[in-house]
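Everything below concerns the one structure shown next.
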C-alpha cells in the first residue's frame, strides 16, 4: 500500500542545515523505504532527503521552515522520525 | 667563522596564534593528471577503486582523530562519497566514453562552484571540503601519493585542504599559506588545535630545509633566524606550551579573575569582513576598529555615505556593545598613496595619525561627519591616534563639533560621540592629566617602540620590545590619572594579546583589554588564573 504524507517543522538549530545536521538527516532518511523529499516551501522545489549533496545544497538557514513529503509503505513513520529529529535540534544541541 | 646568512622576514596576517621553530617544508600543488587511455570498463573500475580508496583512507583518518570538529569535516566527505547523486553522473559520463578523471571533476565541480558562491560564510567555506575530496580522488586516479611531512615541521604551501591538515602530525610545527584567510576551515581547525598559522605570505623564495621561526602572533615568518632570535622564540614556545596546558578552551564567556573581578575583553578589527565568522557574545565589544581598511583597493577615502554604511554594519554586529572607531591612522608602517608623504626619511617619526588628519581637514571632516551620523545607531566612540600635545585633541574636538553642527543644520540625524585618544607617544603619557579626553586607550605597540627608541620589526632588538619598567611606569600613570578623572582606560596592542603579560597589565590596574579575535580564548584563560598579588 502506498501512502503520501506531508509535514513541516521549524528549523531551530543554531546555525542552520550545516554539515553535521545534514548528515544526521540523510542517514535517518536512508533508513526508510519510502521516497522522501525535502523543501523550503510548501510547494517545493523538492530535493531528495536521502542525498547529502542535495540537502546541503538547500543551504537552509536557522529559523526557516522545512517541509517533508514522503511516499511509500513507511511514509508515516519516515516523516514522523524526520520531524522529531529536527524538533529535537538534531539531538546534539550544537 | 662560517658563512653568515642574513635572516629574512616575510609578513602576512595572523590566522592562529602561537610560535613555531623548525625546518620548513614547501608543499607543491597537485600536478594535473595526463589522461590515460582506458577502455570504458577500465575507467569505470578506476573510478570505483579511487572512491573506495578515498573512503578507506578517510575512515582510517577519522578513527585516529579525537576532536568533534575535525571528525565533522571528514564525516561530510564520507557522506558525499556515499551519495549516488554525486557519483552516478560520473559513472554515466564514463559510460559515454569520458576518461575517469574528467568524469569525476565534471560531477563534483558544479557542487564546488555552488558553495564558492554562497553568501553565508559557513557554506562558502564548504567549497574547500569538496575540493579536498575531489583532489583526493584525482590523486588516487593518477597514482600519486602525498608528499610526506615530518612531524613538527613549519609547512609552507599555497593552500592546504582540510583533510591534508588533519592527516599531518603537527607536533610543535606551524603553517604558512600564500592564500587562505583567518576565517577558513583550516584556520578554525588550527586555532582549535593550537597550531600557529599565518596567511597571505609571499612564498617565492621559500624552500624545503630552510630553518625558520614562525611568529603567528605578529604574522611574521623569519627564515634563517640568527641564534639570539631562535633562542628567544624557543623560550616563547616553551611558555606557550605551558600556558596552553593551563588554559580552558571553552573560556568564551565573560572574563573574570580568580578573585572574582570582571575584566572587559574587547576585540581589535580591521573591517566588517572580519566579523562574519565571529560571535559578538564572545567579547565585550570592539575596542579598536582600524579605519585604514577603508582605503584598501581604492586609492581614495570612501565618501561620507559609504563610510556611514560601514560604521553602521559594525554597530549592528555589536548589537549594543561599545564600538571604538579610530580615525585614520595612516603613515608610519601604513602608507597611503596620495595622502602620506612618500619621501619621509623616518615615517614612524613623521606626519602620521592625527598629524596627517589635521593637515587634511577636508578628508578628516568626511570621516567625522560619517562617524557622527553613525553614532545615533549605537554605542560608538571616536578615538584619535598619535596624539602628542593637548591642542591636537582640542582641535579634533572643535572639528567634531563643527561636523555635528553642519549635519544638524542640514537636518541630518547626528550625535556627538565620546572623543578619546590613543596613548602611544611617551610625551602624551607623561602629561596625560593635560588632555581633555573622554577616554584613554593605551596603544602598547607604538608606546613600547617610542619609549625604547627601538623598532619592533628589528629581530636583534627583541629584548627592547617587551614591557620594560619604563613602559609599565607610563601605563600606571595613565591608568591612575584616568581613574582620578573618572574616565575609561583600556589597552590595545600585542601586549594585551600575550597571555604571559596579562597578569602584569592587571597588576598595573587595567581592567579593559582589546585583543585580536584569535587571542580571545588564551587571554580570557590567563585572566581566569589571575589573583592580585599572586
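Take the residues in region A:35-64 that are part of a loop (DSSP other than H, G, I, E, B) and at pLDDT 90 or above, then tell me which one is farthest from residue A:9 (Cα to Cα). Give the derivation first.
The initial filter retains those residues of region A:35-64 that are part of a loop (DSSP other than H, G, I, E, B), namely A:40-46, A:49-51, A:58-64.
Filter once more, keeping what is at pLDDT 90 or above: A:49-51.
Numbers: A:49: 14, A:50: 18, A:51: 19 Å.
Out of the qualifying residues, it is A:51.
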Within region A:9-23, restricting to residues that are outside any loop (DSSP other than H, G, I, E, B) and surrounded by fewer than 17 Cβ atoms within 10 Å (Cβ to Cβ), the one that is farthest from the chain's Cα centre (by Cα) is A:10
Original post:
On the given criteria, is residue B:156 more than 13 Å from chain A (Cβ to nearest Cβ), at pLDDT 90 or above and assigned to a helix (DSSP H, G or I)?
Top reply: no
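Any residue at all in region B:41-53 that's under 30 Å from residue B:191 (Cα atoms) and outside the structural domain of residue B:190 (by TED's automatic domain parsing)?
Yes, region B:41-53 contains a residue that is under 30 Å from residue B:191 (Cα atoms) and outside the structural domain of residue B:190 (by TED's automatic domain parsing).
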Taking region B:263-279 and keeping residues touching a residue at least 40 places away in the same chain (Cβ under 8 Å) and farther than 20 Å from residue B:493 by Cα leaves B:276, B:277
Checked against (1) at pLDDT below 90; (2) within 23 Å of residue A:60 (Cα to Cα), residue B:107 satisfies every condition except (1)
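Somewhere in region A:25-32, is a residue touching a strand residue (DSSP E or B) at 6+ places or on another chain (Cβ under 6 Å), within 14 Å of chain B (Cβ to nearest Cβ), touching a residue at least 12 places away in the same chain (Cβ under 8 Å) and within 24 Å of residue B:127 (Cα to Cα)? Reasoning before the result, please.
Let us first name the residues in region A:25-32 that are touching a strand residue (DSSP E or B) at 6+ places or on another chain (Cβ under 6 Å), namely A:29.
Then keep just the ones that are within 14 Å of chain B (Cβ to nearest Cβ); that gives A:29.
After this cut, where a residue has to be touching a residue at least 12 places away in the same chain (Cβ under 8 Å) as well, the list is A:29.
Filter again for within 24 Å of residue B:127 (Cα to Cα), leaving none.
Within region A:25-32, none of the residues are touching a strand residue (DSSP E or B) at 6+ places or on another chain (Cβ under 6 Å), within 14 Å of chain B (Cβ to nearest Cβ), touching a residue at least 12 places away in the same chain (Cβ under 8 Å) and within 24 Å of residue B:127 (Cα to Cα).
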Sole miss for residue B:311 among (1) surrounded by 20 or more Cβ atoms within 10 Å (Cβ to Cβ); (2) in a helix (DSSP H, G or I); (3) over 23 Å from the mean Cα position of the chain (by Cα) is condition (3)
Looking at this structure, is residue B:72 touching a helix residue (DSSP H, G or I) at 6+ places or on another chain (Cβ under 8 Å) and within 12 Å of residue B:137 (Cα to Cα)? no
For region B:410-419, does any single residue satisfy the condition of being out of contact with any strand residue (DSSP E or B) (no Cβ under 6 Å at 6 or more places or on another chain), under 20 Å from residue B:310 (Cα atoms), at pLDDT below 95 and part of a helix (DSSP H, G or I)? no
Checked region B:256-291 for anything in a loop (DSSP other than H, G, I, E, B) and on the phi < 0 side of the Ramachandran plot; matches are B:257, B:258, B:259, B:261, B:270, B:276, B:277, B:278, B:279, B:283, B:284
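Give me a count of the residues in region B:511-533 that are farther than 19 Å from residue B:13 by Cα and in contact (Cβ under 8 Å) with a residue 60 or more places away in the chain. It would help to see each step written out before you state the result.
First, pick out the residues of region B:511-533 that are farther than 19 Å from residue B:13 by Cα: B:511-513, B:523-533.
So of that shortlist, the ones also in contact (Cβ under 8 Å) with a residue 60 or more places away in the chain come out as B:511-513, B:523-532.
Qualifying residue count for the region: 13.
The values are calculated or read from the model by the stated rules, or taken from the named source; none is laboratory data. Note that the structure is predicted; figures quoted are calculated from it, not measured. Using ideal geometry, Cβ is built from the backbone for each residue, glycine included, and neighbour counts are taken over all protein chains shown.
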